[in-house]
Amino acid sequence: MTSSGLSHVTFIVRDLDRIERMLTTVLGAVRVYDSGSDTFSLSEERFFLVGEGDDATWVATMRGDGGLPRSYNHVAFQVERGDLPALREKIAALGLDLRPPRSRVEGEGDSIYFYDDDGHLFELHAGSLRERLAVYAPPPAAEESPMAE
């Protein structure tokens, strides 16, 4: 038996309203659940869907300590390349910490990286795994020609 894919991503945050503003403004997330003061899980929580239909990603947020040490551990959301400038403006308007892009190989896609107020690193990525693997593939070996004697 194997996994059929990702079920959901959970972020522990100090402020549920603040992370909701980021998710809805930047990712177009739709809130589908709010526990209010009920705690069926570990703490108050909200669920969101990012994307549409059966391919939507379930994002959960839970109230907690937050404040992670910053690292390159991150979650990346697929976006359209043409949307990157407008998304960068939305992120900046929310006062989030935009990070410089990492160095890239030509053709592997473009990204915006930013931290939320709890230290989670998000990437908005315009590209696909197929494109990246094609760029990383070694060039075909040149056929060897017989040497003249």
Of (1) closer than 20 Å to residue 129 by Cβ; (2) touching an Asp or Glu at 6+ places or on another chain (Cβ under 6 Å), residue 83 fails just (2)
Per the filter on region 80-98, residues under 15 Å from residue 122 (Cα atoms) and surrounded by 11 or more Cβ atoms within 10 Å (Cβ to Cβ) are 84, 87, 88, 90, 91, 92, 94, 96, 97, 98
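Yes/no matrix, rows are residues, columns are (1) within 22 Å of residue 13 (Cβ to Cβ); (2) hydrophobic (A, V, I, L, M, F, W, C); (3) surrounded by fewer than 12 Cβ atoms within 10 Å (Cβ to Cβ):
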site: 29; (1), (2), (3): yes, yes, no
site: 36; (1), (2), (3): yes, no, yes
site: 41; (1), (2), (3): yes, no, yes
site: 48; (1), (2), (3): yes, yes, no
site: 57; (1), (2), (3): yes, no, no
site: 71; (1), (2), (3): yes, no, yes
site: 78; (1), (2), (3): no, no, no
site: 119; (1), (2), (3): yes, no, no
site: 130; (1), (2), (3): no, no, yes
It is to be established whether one or more residues within region 126-141 are modelled with pLDDT of 90 or more and of a type outside the set (A, V, I, L, M, F, W, C).
no
Considering residues of region 107-117 that are at pLDDT 85 or above and in a loop (DSSP other than H, G, I, E, B) only, the residue surrounded by the fewest Cβ atoms within 10 Å (Cβ to Cβ)
117
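The values are calculated or read from the model by the stated rules, or taken from the named source; none is laboratory data. Fair warning: this is a prediction, and the values are worked out from it, not measured in the lab. All Cβ positions, even for glycine, are placed from backbone atoms using ideal geometry, and neighbour counts span all protein chains on display.
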